[in-house]
1. May I ask you to list pairs of residues, at least six apart or on different chains, whose Cβ atoms are under 6 Å apart, with the first in the stretch 41-53 being in contact (Cβ under 8 Å) with a residue 24 or more places away in the chain and the second being open to solvent by 70 Å² or more (accessible area, probe 1.4 Å)?
2. If I ask for residues that are of a type in the set (Lys, Arg) and surrounded by fewer than 20 Cβ atoms within 10 Å (Cβ to Cβ), which ones from the stretch 131-147 would you list?
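The values are calculated or read from the model by the stated rules, or taken from the named source; none is laboratory data. Values in this document were obtained by computation on a predicted structure and should not be read as measured data. Cβ placement follows ideal geometry from the backbone for every residue including glycine, while neighbour counts extend to all protein chains displayed. The protein model used for the area step is the full one, side chains on, heavy atoms only, and it has no ligands, DNA or RNA in it. Shrake-Rupley method; radii C 1.70, N 1.55, O 1.52, S 1.80 Å.
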Amino acid sequence: MQHLVGVAGKTLISVEAANLEAGDGADSKEDNAKKEDSTTVALDEATASELCKWFSDDALGGKLKEVKVSNRLVSSPALISGHEPEAMRRYRMVQTMASDAAASKKLAEMSSDFSMMTLELNPKHEMIRRVNAARKSSDDDVRRLATLVAEQIFDNARVAAGSLDDPRAMLGRLNEILSATLPADDA
């Protein structure tokens, strides 16, 4: 799809492009009305900045190039930019065909290198706002859950970007999140 640049006189830009902002184009009156009617309140700039720092340093352990707020997201809590999804697919394909252990190891390292990725957070998304509240909780279990959910948001963005090699790796975390959100069986 990267070779398709326009349709019906409209320029197409990948949502993964680092310089895209929602609302850059001419919105329809219906879209603007929906935006104005929305009761969704975004995190303020200072809070969003603190949350990005927490995501980057505490929750994700500094493995990304950057975590920042994005205004281009509408229904997703986050997305990954600054990656090469097609290249990642090629690496995985070559990795499965590589018979040389050293080449296979190098390709595995390349596919798990997040240093060029940027995680963009949607400050209006309910999940992001809830993670922000949970990370500030005085309850250790709630703060632990906030970290788990932050890691899951990152992995979900990786799945959407096509850069997660094996989604089974996140099953343990998903089970822990589900266990933490369901009431304990006191029977």
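1. From residues that are in contact (Cβ under 8 Å) with a residue 24 or more places away in the chain, the pairs are 42/124.
2. Keep residues of the stretch 131-147 that are of a type in the set (Lys, Arg), which gives 135-136, 143-144.
Within the stretch 131-147, 136, 143, 144 meet the criteria.
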